[in-house]
1. Looking only at the stretch 14-34, decide whether some residue is open to solvent by 20 Å² or more (accessible area, probe 1.4 Å) and of a type in the set (Val, Ile, Thr).
2. For the stretch 82-93, check the following and say yes or no: at least one residue is within 22 Å of the chain's Cα centre (by Cα) and under 20 Å from residue 31 (Cβ atoms).
3. Got a sec? Which of 97, 77 is closer than 22 Å to residue 144 by Cβ and among the acidic types (Asp, Glu)?
4. Residues of the stretch 22-36 being touching a helix residue (DSSP H, G or I) at 6+ places or on another chain (Cβ under 7 Å) and not polar (S, T, N, Q), which ones?
5. Can you name the number of the only condition in (1) open to solvent by less than 70 Å² (accessible area, probe 1.4 Å); (2) without any contact (Cβ under 8 Å) to a residue 40 or more places away in the chain; (3) within 21 Å of the chain's Cα centre (by Cα) that residue 62 fails?
6. If you check residue 128 against the conditions, is it surrounded by 12 or more Cβ atoms within 10 Å (Cβ to Cβ) and within 19 Å of residue 174 (Cβ to Cβ)?
7. Determine whether residue 10 is small (Gly, Ala, Ser), open to solvent by less than 30 Å² (accessible area, probe 1.4 Å), within 25 Å of residue 157 (Cβ to Cβ) and under 22 Å from the mean Cα position of the chain (by Cα).
Amino acid sequence: MTIKVVFFDAGGTLFRPYPSVGEVYARTAARHGVNVEAARVEKAFQDQWHQRNGLTTLAGLSSEKIEREWWYALVRDVFGNLGAFKDFDGFFQELYDLFARAECWRLFDDTVPVLKQLQNAGFRLGIISNWDHRLFSIVEQLGLTPFFEQVTASSKVGVAKPGKRIFEAALASMGVGAAHSIHVGDSLEDDYFGAQRAGMKAVFLDRHRKHASPPNPSPDGRGEHAKTIPLLSGEGGPPKAVGEAALTLNPRIHYNDLVVIHTLADLPNLLND
């Protein structure tokens, strides 16, 4: 089955907080009279994020109001044991607005080159992200708008990943069927398995090699547990030519039934030579 559309997650996939969530939170807190080390804030943020399992709790229902309240509660809990604000609401509003600006984000070095390569190869590109209205401004400010036909944000759809409906909304916005699309993201549950449950092909971007690593290589270099599974060329069908904008299996990035890459620069390895 020929792949026509490549969808990407946003944060952690195309761009990242800069210099870090902890740094931005700490600097903003200092302007509001709370001085705390960025490293402590970062740890508290990561703890709270993982306790909530990210925005997965909004997989059934989301909106601008719900997502803002979600972030309000998270930031409140991050600073719960770090310091008391005279005006927490004022601090949170400044922080919330700050993360709508490009100065708090940086593109990964591989983002633009890979997007250009895929676009030049004939792929249509889209974004599917658990985000609120700020995402559209961030994408524009970072210069990514020319690459993407559609940006699908959870707060606009009313459901977050890994909920099936956000993937269906993205597919509908591009006028493409699930079988003709693939989604790339850095969350196993939200991106990889969420996309698969929606009938899409999926690639897991494990930039920090936290969740997957290559098995011990076998003599043929493919790894003793690697699977030769037709990824995008159709069940048992021959690979498509690059000119047809199709992706095919590269066994080197196929581990234990997961299709894994460690940088977006690896994504072209899925293209036919």
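1. So far as the stretch 14-34 goes, no, none of its residues is open to solvent by 20 Å² or more (accessible area, probe 1.4 Å) and of a type in the set (Val, Ile, Thr).
2. There is no residue in the stretch 82-93 that is within 22 Å of the chain's Cα centre (by Cα) and under 20 Å from residue 31 (Cβ atoms).
3. After applying the criteria, what remains is 97.
4. 22, 23, 24, 25, 26, 29, 32, 36
5. Status for residue 62: all satisfied but (2).
6. Spelling it out, residue 128 is indeed surrounded by 12 or more Cβ atoms within 10 Å (Cβ to Cβ) and within 19 Å of residue 174 (Cβ to Cβ).
7. Criteria met by residue 10.
For every residue, the table says whether it meets (1) farther than 25 Å from residue 176 by Cβ; (2) touching a helix residue (DSSP H, G or I) at 6+ places or on another chain (Cβ under 9 Å).
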| site | (1), (2) |
| --- | --- |
| 59 | no, yes |
| 76 | yes, yes |
| 86 | yes, no |
| 97 | yes, yes |
| 118 | no, yes |
| 153 | no, yes |
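The values are calculated or read from the model by the stated rules, or taken from the named source; none is laboratory data. Quick caveat: nothing in here was measured; it's all calculated off a predicted structure. Please note: Cβ atoms are built from the backbone with ideal geometry, for glycine as well, and neighbour counts cover all protein chains shown. Areas reflect the complete protein model, heavy atoms only, side chains present, ligands, DNA and RNA absent. Shrake-Rupley method; radii C 1.70, N 1.55, O 1.52, S 1.80 Å.
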